[in-house]
């Protein structure tokens, strides 16, 4: 199932990048949890498909619809997938270019993402994946 999990995660990023929020959300379980990178500082979490849909819609609005997530690497960790990503966008209000690289650890069950957690880098995400096996 692990190759399929990598494919599902790749599918979600591709759908988001082409602006197809519905297809991206469909890769997630109804009760999925998403811990955003910057939200980790304040402990925020988005729960459920509707919350994910709203978060991604707002992100796109904040970046004039030009937010792109480049997948640098996807690493198969069985029921988990580590994604090393780079986000690029231009702020709607400020016009400032944003470019940030980090890692995400996605947990899957029955070919659906059930949880996504941010990590500062690939090493930290891989350590977390190994600790939860």
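Every condition in (1) assigned to a helix (DSSP H, G or I); (2) surrounded by 12 or more Cβ atoms within 10 Å (Cβ to Cβ); (3) at pLDDT below 90 is met by residue 15 except one, and the failing one is (3). For residue 21, are the conditions met, namely being surrounded by 14 or more Cβ atoms within 10 Å (Cβ to Cβ), more than 21 Å from residue 103 (Cβ to Cβ) and in contact with a helix residue (DSSP H, G or I) (Cβ under 7 Å, 6 or more places away or on another chain)? Considered against the rule, which asks whether it is surrounded by 14 or more Cβ atoms within 10 Å (Cβ to Cβ), more than 21 Å from residue 103 (Cβ to Cβ) and in contact with a helix residue (DSSP H, G or I) (Cβ under 7 Å, 6 or more places away or on another chain), residue 21 comes out as yes. You will find that of 129, 87, 111, 96, the residue that is surrounded by 16 or more Cβ atoms within 10 Å (Cβ to Cβ) and either farther than 20 Å from residue 19 by Cβ or touching a helix residue (DSSP H, G or I) at 6+ places or on another chain (Cβ under 8 Å) (or both) is 129 and no other.
Looking at segment 40-48, can you tell me whether even one residue there is out of contact with any helix residue (DSSP H, G or I) (no Cβ under 9 Å at 6 or more places or on another chain) and within 15 Å of residue 119 (Cβ to Cβ)? Spell out how you get there, then give the answer.
Taking segment 40-48 first, the residues out of contact with any helix residue (DSSP H, G or I) (no Cβ under 9 Å at 6 or more places or on another chain) are 40-43, 47-48.
The next check asks that each one be within 15 Å of residue 119 (Cβ to Cβ); those that pass are 40-41.
Yes: one or more hits.
Go through the residues of segment 56-78 one by one and say whether even a single one is touching a helix residue (DSSP H, G or I) at 6+ places or on another chain (Cβ under 7 Å), over 24 Å from residue 22 (Cβ atoms) and part of a loop (DSSP other than H, G, I, E, B). Yes.
Just one of (1) without any contact (Cβ under 8 Å) to a residue 60 or more places away in the chain; (2) within 29 Å of residue 3 (Cα to Cα); (3) out of contact with any strand residue (DSSP E or B) (no Cβ under 9 Å at 6 or more places or on another chain) fails for residue 52. It is (3).
The values are calculated or read from the model by the stated rules, or taken from the named source; none is laboratory data. Source: prediction; values computed, not measured. Heads up, the Cβs are rebuilt from the backbone with ideal geometry, glycines too, and the neighbour counts pull from every protein chain shown.
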